[in-house]
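In what follows, a single structure is set out as structure tokens and then discussed.
The values are calculated or read from the model by the stated rules, or taken from the named source; none is laboratory data. Since this is a predicted model, take the numbers as computed values, not measurements. Don't worry about glycine lacking a Cβ; one is built from the backbone with ideal geometry, like all the others, and counts go over all protein chains shown. What goes into the accessible areas is simple: the full protein's heavy atoms, side chains included, and nothing from ligands, DNA or RNA. Shrake-Rupley method; radii C 1.70, N 1.55, O 1.52, S 1.80 Å.
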Amino acid sequence: DMSKGGNDTWFFMGTSISQMGIKSIEVDSNFAQLIHARYSDYYPVMLRGGIGCVTSSGVVDGLKYYGEYVGNVTYWAIEMGTNDAWGGTNDKVPFFKKNMQEIIDTAKAHNVIPVIARMIATNPDVAKWQVHEDFLKAIDELTEANNLPKGPDFFDYFSKHPEELSTSDGVHPAEKGAASMHRLWAEAMAPLYAAGVEEGGTERFVPTKNVHFAMPQIRVEDHSIVVTGADANASVSVVSPMGQIMNAQQLPSGNYMVIIRTSGMSMTSRVTIK
């Protein structure tokens, strides 16, 4: 809940690479946690996107909705281009570059700062193709021409660490690759936080201590689900995969849905007890 102030907000826009690597795969330390570990006054708010099979043209077609729903965050962290570059040719580079410029212009029109990652490398032994270097040049040129912060270099990292990609398609991140994506985003964005905390630096983000966080926190303790930070009048339900309402204490191993409802909020979260 950022209703009482705060501008340390990030929307991760992307393809299925981000859908899996940033959103779906659980990692030990995500982007926000890594930033907080290094700069304790800050804890970024993450909105995690990513759409399977989407191209830059598909994002442009939906820019109205991106602007409507995430046009009020500070940064768009963009991973885009794998589907444009699919197969290893450079035929679509001009269209990709034109589309990315439109995405950048839309972000800036909403006072959002876009940051573009250099697209992920494939494992060519599995995928049988590699991203054409002209797509990487296009991203570099867009970053420089629009005076954007430099995003993470997924291509360089994953070309050196193909073992962190899926063994089935050689394109999507495996579990270790997902952790590396979070780390690479955090490393690339760390200078933005350093500029705010170093002596004489200009404060770029509102420190976490000045932000009101009202979102309930859910954690597992000894096979029990514990919810903290919820409104005193909140209703908390734990639901089994079969739809059965469960007691939150001493649950057997498995997957559960935790549903928290108040007069002004409804929150659903998937919880795994191992």
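Here are some pairs, Lys23/Lys64; Lys97/Lys176; Lys23/Lys150; Lys128/Lys274; Lys160/Lys274; Lys137/Lys160; which of them have Cα atoms lying more than 26 Å apart in this structure?
Working: Lys23/Lys64 23 Å; Lys97/Lys176 30 Å; Lys23/Lys150 22 Å; Lys128/Lys274 37 Å; Lys160/Lys274 33 Å; Lys137/Lys160 19 Å.
Over 26 Å apart, Cα to Cα: Lys97/Lys176; Lys128/Lys274; Lys160/Lys274.
Using each residue's phi in segment 82-98, evaluate 6.51 cos²θ - 1.76 cosθ + 1.60 at θ = phi - 60° and report the 3J(HN,Hα) Karplus result to the nearest Hz, with x for Gly and Pro.
4, 6, 5, 8, 3, x, x, 8, 10, 4, 9, 4, x, 5, 4, 5, 5
Of all DSSP beta bridges located in the chain, what percent are antiparallel, nearest 5?
About 60 percent, rounded to the nearest 5.
Under a GNM of the chain (C-alpha, springs under 10 Å), which listed residue has the highest mean-square fluctuation: Gly88, Gly62, Gly14?
Gly62
How compact is segment 18-134 by the rule of thumb for globular proteins, expressed as Cα Rg over 2.2 N^0.38 Å?
Values: Rg = 15.6 Å, N = 117, 2.2 N^0.38 = 13.4 Å.
That ratio works out to 1.16.
GNM on the chain, C-alpha springs below 10 Å: top fluctuator among Gln19, Gln250, Gln101?
Highest fluctuation among the options: Gln250.
Taking the convex hull of the alpha carbon atoms in the chain, what volume per residue do you get, in Å³?
Details: hull volume 42.3 nm³, N = 274.
So the per-residue hull volume is 154 Å³.
Amide H of Ile116: which non-local residues (sequence gap of 5 or more, or other chain) have their own amide H closer than 5 Å, using H built in the peptide plane?
Sorted by chain and number, the residues that satisfy this are Ile78, Gly151.
May I ask you to order 178-186, 119-127, 36-44 by the average number of other C-beta atoms within 10 Å around their residues, highest value first? Mind dumping the intermediate values first?
Numbers: 178-186: 22.9, 119-127: 20.1, 36-44: 17.3.
Final packing ranking: 178-186, 119-127, 36-44.
Any chance you could run the full-extension gain for Thr167 through Glu133? It's 0.36 nm times the residue separation minus the Cα-Cα distance, nm to one decimal. Don't skip to the answer; put the middle values down first.
Details: separation 34, 0.36 × 34 = 12.24 nm, distance 2.31 nm.
Stretched fully, the Thr167-Glu133 segment lengthens by 9.9 nm.
Heavy-atom accessible area per residue, segment 79-119, 1.4 Å probe: how many Å²?
On a per-residue basis, segment 79-119 sits at 44 Å².
How far apart, in nanometres, would the label points at Ala145 and Ser224 be if each is projected 7 angstrom from Cα along the Cα-to-Cβ direction?
Modelled inter-label distance: 6.0 nm.
Rounded to the nearest 0.05, what FRET efficiency is calculated for Trp86 and Glu26 with R0 set to 22 Å and r the Cβ-Cβ distance? Present the calculation step by step, with values, prior to reporting the outcome.
Working: r = 27 Å, r/R0 = 1.24.
It comes out at approximately 0.20.
Between Gln250 and Ala190, with labels modelled 7 Å along Cα→Cβ, what's the label distance in nm to one decimal, could you check?
About 4.6 nm separates the two model spin labels.
Give me the percent of accessible area attributable to carbon and sulfur for segment 93-206, probe 1.4 angstrom.
Values: 2730 of 5420 Å².
That fraction is 50 percent.
Most mobile of His110, His223, His132 per a Gaussian network model of the chain (Cα springs, under 10 Å)?
His223
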